[in-house]
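The values are calculated or read from the model by the stated rules, or taken from the named source; none is laboratory data. Predicted, not measured: the structure shown is a model, and the values here were computed from it. With ideal geometry, Cβ positions are generated from the backbone for all residues, glycine too; neighbour counts draw on all protein chains shown. Side chains included, ligands, DNA and RNA excluded: accessible areas come from the protein's heavy atoms. Shrake-Rupley method; radii C 1.70, N 1.55, O 1.52, S 1.80 Å.
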Amino acid sequence: MIAHSLPGTLLNTQPNIQAPDDFYQELVDMHRDLSAQQSALVNAKLILLLANHVGDPVILREAMRAARQDIEPDQSDGTRG
Amino acid sequence: MKTYLNPIYSCAAPIELSGPPHHWPVVVAGAGPVGLCAAIDLAQRGIDVIVLDEDNTVSVGSRAICWAKRTLEIFDRLGCGDCIVGKGVEWNVGRVFFRDEQIYQFDLLPEAGHRRPAFINLQQYWVEQILVERCLGLPQTELRWHNKVVGVTPRSDHVAIRVVAPEGEYTILADWLIVADGARSPVRGMLGLESEGQAFRDRFLIADVLMHSDFPTERWFWFDPPFHRHQSALLHRQADNVWRVDFQLGPDADPEEEKKPEKIMPRLRAMLGDNTEFEIEWASVYTFQCRRMRSFRHGRALFVGDAAHLVSPFGARGANSGIQDVDNLIWKLELVMAGQAPESLLDSYATERAFAADENIRHSTRSTDFITPKSEASRAFRDATLLLAKHHAFARRLVNSGRLSLPTTLEASVLSTQDRAGEAFASVVPLGGAAVDAPVEGPRGVWLLSYLDGGFTLLVFDNSVPADAVEVLANDANSCNVVQVGGKSVAGASRVEDSERLVAARYDGKPGTCYLFRPDQHLCARWRSFDLQSLRGAIARATGQAYVEAMEAA
Ligand SMILES: Cc1cc2nc3c(=O)[nH]c(=O)nc-3n(C[C@H](O)[C@H](O)[C@H](O)COP(=O)(O)OP(=O)(O)OC[C@H]3O[C@@H](n4cnc5c(N)ncnc54)[C@H](O)[C@@H]3O)c2cc1C
């Protein structure tokens, strides 16, 4: 399903990246030579950098909600929470 | 301990053992820092108070070390600020390390023009000893050591308290019982009440170490240091060359093992280096909890301090918030006891301080989660934040090794009078906030806060209040002192000079501006021009009349 901005939301989910294929490749390339754990760390740093750039708590909250969309809580073990 | 010998206190046999149960206005269960402050505040208001404690000394080993500015200001009001600040050490700089390097430092940069610094560090037993000495100088207080509360029976007009003393068992009757018997609160259990919340799994080794070293008087906090991999550590100076050391041990550590000197010494050696000489003063292993009671008032039993709410120590909110409980409670209790306020005023104690407890629990839970991440994702964000903090200012704001304790602004308090429409105040003190100090010149010393000393105070700029209004006010049952900043002297008002123009600057003071402070120095009303009816209405509201009105309307 394609996400799109709903009326009244601030998060821009319309195409906004100039050269999407280039960006996508750079994103994946950034993780070359990294273990899964290192990748998780790099991703976390990237999120924090971008979140600070965005700044607006409403947009950040909408983005977090959009990110959680379609991801069901994990039932496999008791380590959550 | 080398630097401290616990005093052993004794007391006369309770008079109840040689006669019928005696009736007291207030009994305090527990002589920790919070119970002792309650006793001092009551005594200063001329109210007789009995303090019962199962022990006969102050805290054995230190727990609290950081005392926040607001608490020091309350100590000033309680007559022991100079003693405590004089014995403590002041600090401003904190450094945060990740792995083997410093990622940033902060400076609490004391803004000039305040009597007290942001923090001092002093071992809890010293603070308690100074508070005990203050109590002993007040004839209204009676401290009963080795007097253990073993039963509590609440009645509609008093509380019956069963006590075991060395000389025998007796019953004492109290109009009001202040429950300050600490985190485990036996009295809470006796009343069938609970404190609800969350326990954290990680164990922490807390050690006080005596060393003569040239480590600066700063707070050093390490995430994942080389000397204690995958865990956190803290080093912080206290009085008498004693240093607080904290080691996170993880959830699986064996507390009995970890307390043994042969286990502690190598940890300390790795942290402090081979060339530092030190001795262990005291050590203990803790787990931490964040919880609170649903209500801090149960009829005539009023819960304060750790008995009412418990936080993890990151951010120094335990004793500091307990003392602020007392600051909030005692003036209300005085008014209720004197028949000058409805009993429901005490419910505002419960709601205001529960609001504060929630704020403190939120902060200390967040700090604990940052220091001891509970999931892979949480750890990744934590480590990412620390890595970024070395290079980027924004990430330093996210690092959380304890948010330092500040007084709670009682935002939505029913005791506050809302601002008049159209009036704005560019003041550093919001409505519901605690007063902020400033230098002045006047008859009662050189600090503004000394003029807000125990009753309601109207702080006015220039000749905002006409002389006849001051006279009329003086005859009101629930009245206020008038403190006038600048202007011509008026009979019945204290006048201070705004020597450095900081009162006007901090309070956005202009001719006409009036601020009404409660006895606990929290701001409850303000106006750009004086009006006697508005003032009387605000005092009525702040003394619980709004509660009564609301109840009558219902
Ligand atoms: C490692 C650590 C570090 C901390 N650091 C800080 C800090 O830096 N700053 C800060 O503000 N807080 C700090 N705290 C929290 C602080 O120590 C507590 O919040 C504080 O002691 C609470 O005071 P209290 O008077 O409510 O209870 P307590 O100090 O626990 O006193 C309760 C008293 O009640 C008595 N009592 C118990 N049962 C009975 C009974 N049945 N009858 C009669 N008496 C009884 C006990 O003998 C005791 O004297 C720290 C805590 C820990 C563990």
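Table for the structure above
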| quantity | calculated |
| --- | --- |
| All positions within segment B:114-129 that are at pLDDT 95 or above, away from the ligand (no atom under 14 Å from the Cβ) and either in a strand (DSSP E or B) or surrounded by fewer than 21 Cβ atoms within 10 Å (Cβ to Cβ) (or both) | B:His114, B:Arg115 |
| Subset of segment B:24-80 that is part of a strand (DSSP E or B) and open to solvent by 10 Å² or more (accessible area, probe 1.4 Å) - its residue that is farthest from the ligand (Cβ to nearest atom) | B:Pro25 |
| Residue list for segment B:141-161, restricted to those being closer than 18 Å to B:Cys11 by Cβ and either in contact with a Ser or Thr (Cβ under 9 Å, 6 or more places away or on another chain) or not assigned by TED's automatic domain parsing to the domain that holds B:Leu177 (or both) | B:Trp145, B:His146, B:Ile161 |
| Residue count, segment B:342-381 (criterion: assigned to a helix (DSSP H, G or I), touching a residue at least 60 places away in the same chain (Cβ under 8 Å) and open to solvent by less than 40 Å² (accessible area, probe 1.4 Å)) | 10 |
| B:Gln484 open to solvent by 20 Å² or more (accessible area, probe 1.4 Å) and of a type in the set (S, T, N, Q) | no |
| Residue check for B:Ala426: within 30 Å of A:Leu41 (Cα to Cα) and either away from chain A (no Cβ under 13 Å) or open to solvent by 50 Å² or more (accessible area, probe 1.4 Å) (or both) | no |
| Qualifying positions in segment B:353-382 - within 13 Å of another protein chain (Cβ to nearest Cβ) and of a type in the set (A, V, I, L, M) | B:Ala377, B:Ala380 |
| Members of segment B:512-551 that are buried (at least 23 other Cβ atoms within 10 Å of the Cβ) and of a type in the set (Phe, Trp, Tyr) | B:Tyr515, B:Phe517 |
| Filtered residues of segment B:408-443 (kept if touching a helix residue (DSSP H, G or I) at 6+ places or on another chain (Cβ under 7 Å) and among the charged types (D, E, K, R)) | B:Asp437 |
| Residues of segment B:386-398 satisfying the condition of being within 8 Å of chain A (Cβ to nearest Cβ) and within 31 Å of the chain's Cα centre (by Cα) | B:Phe394, B:Ala395, B:Leu398 |
| Segment B:174-219: number of residues that are more than 24 Å from B:Gly35 (Cα to Cα), more than 22 Å from the chain's Cα centre (by Cα) and within 12 Å of the ligand (Cβ to nearest atom) | 5 |
| So B:Leu458, is it at pLDDT 95 or above, buried (at least 21 other Cβ atoms within 10 Å of the Cβ) and not aromatic (Phe, Trp, Tyr) | yes |
